[in-house]
1. Pick from Arg85, Arg100: which is over 19 Å from Trp10 (Cα atoms), at pLDDT below 85, over 16 Å from the mean Cα position of the chain (by Cα) and not in a loop (DSSP other than H, G, I, E, B)?
2. Mind checking which residues of the stretch 25-71 are basic (Lys, Arg), modelled with pLDDT of 95 or more and either closer than 14 Å to Thr6 by Cβ or out of contact with any strand residue (DSSP E or B) (no Cβ under 8 Å at 6 or more places or on another chain) (or both)?
3. For the stretch 170-188, check the following and say yes or no: at least one residue is of a type in the set (Gly, Ala, Ser) and modelled with pLDDT of 90 or more.
4. Out of everything in the stretch 206-226 that is assigned to a helix (DSSP H, G or I) and either among the charged types (D, E, K, R) or touching a Leu at 6+ places or on another chain (Cβ under 8 Å) (or both), what residue ends up being surrounded by the most Cβ atoms within 10 Å (Cβ to Cβ)?
5. If you scan the stretch 160-175, which residues turn out to be more than 13 Å from Gly216 (Cβ to Cβ) and either out of contact with any Gly (no Cβ under 9 Å at 6 or more places or on another chain) or crowded, with 22+ Cβ neighbours inside 10 Å (or both)?
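The values are calculated or read from the model by the stated rules, or taken from the named source; none is laboratory data. Because the structure is predicted, anything quoted here is derived from the model rather than measured. Cβ placement follows ideal geometry from the backbone for every residue including glycine, while neighbour counts extend to all protein chains displayed.
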Amino acid sequence: MTNPVTANVWAEHSVWPQDPQIPRALAGGLTTMQVLPGSGNLIGGRSVVVKLVPSRTVQGMKFPGAKYGLKMACGENPKRVYQTRGPSTRMVTSLATARRGFKRKVIDANGTRGMRRTKAIRRRVTLVWKLSLKFLRGNILVHNHCYRADEMAQMIDIAKEFGYSIRAFHHSVEAYKIADLLKLTTLARLNGPTGAGSEKRTDAVKANLAITEAFGARAMIHSDSALGAHG
């Protein structure tokens with residue numbers, strides 16, 4: 001949580017193949033994980049899909065052919081994380097900063113400001129731009145951390161503006177309010193199974209999953225708790 005845009009970060013660089021939690025997850029019936037960066041940044045970085053198999057390296061755990069993901073967030077999390085270090089309104093963190101970040105990558109890639117940067121910064125900008133190209137082309141799947149319906153609708157608008165699609169909304173506490181929009185766009189990973197948990201300032205209802213599915217949108221249960229992973 002050092003910068004609102006850290007698209008150059010890869011979650012696979014933090015995977016520990018000998019993590020003692022892995023055999024516990026296997027005992028609970030889990031065979032595959034998608035490991036994502038945290039949700040405090042507007043663009044948090046690249047995820048990785050791994051099989052829970054014995055391996056000395058993360059490369060030996062990668063799910064063959066699985067696409068990488070790009071973690072993004074809007075609203076409450078970046079608003080809270082950067083409230084003392086930058087703009088902290090939803091308007092700026094969810095929309096203006098993200099839009100500015102995307103456009104800056106286009107400018108940097110065209111080289112209009114590259115000559116005034118150090119080699120290290122230019123190298124990082126190149127990595128960020130390459131990642132941006134991949135998710136704009138659909139080769140990397142976008143995962144967006146959003147609680148409120150208005151935030152999700154805004155991120156759908158941004159996706160249309162830049163020509164990419166959102167694979168999944170995480171937490172999606174108010175997905176039931178825009179279930180018809182989600183049916184046309186993406187998967188809702190609903191925080192649950194009973195409500196919003198620690199996510200305040202939302203209109204959480206226990207029927208979120210049922211209402212969302214009733215409109216034909218794809219939905220699944222998502223939780224920040226590790227208890228279910230251990231059977």
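1. That would be Arg100, the only listed residue that is over 19 Å from Trp10 (Cα atoms), at pLDDT below 85, over 16 Å from the mean Cα position of the chain (by Cα) and not in a loop (DSSP other than H, G, I, E, B).
2. Arg56
3. Within the stretch 170-188, one or more residues are of a type in the set (Gly, Ala, Ser) and modelled with pLDDT of 90 or more.
4. Asn208
5. Result: Lys160, Glu161, Phe162, Gly163, Ile166, Phe169, His170, His171, Ser172, Val173, Glu174.
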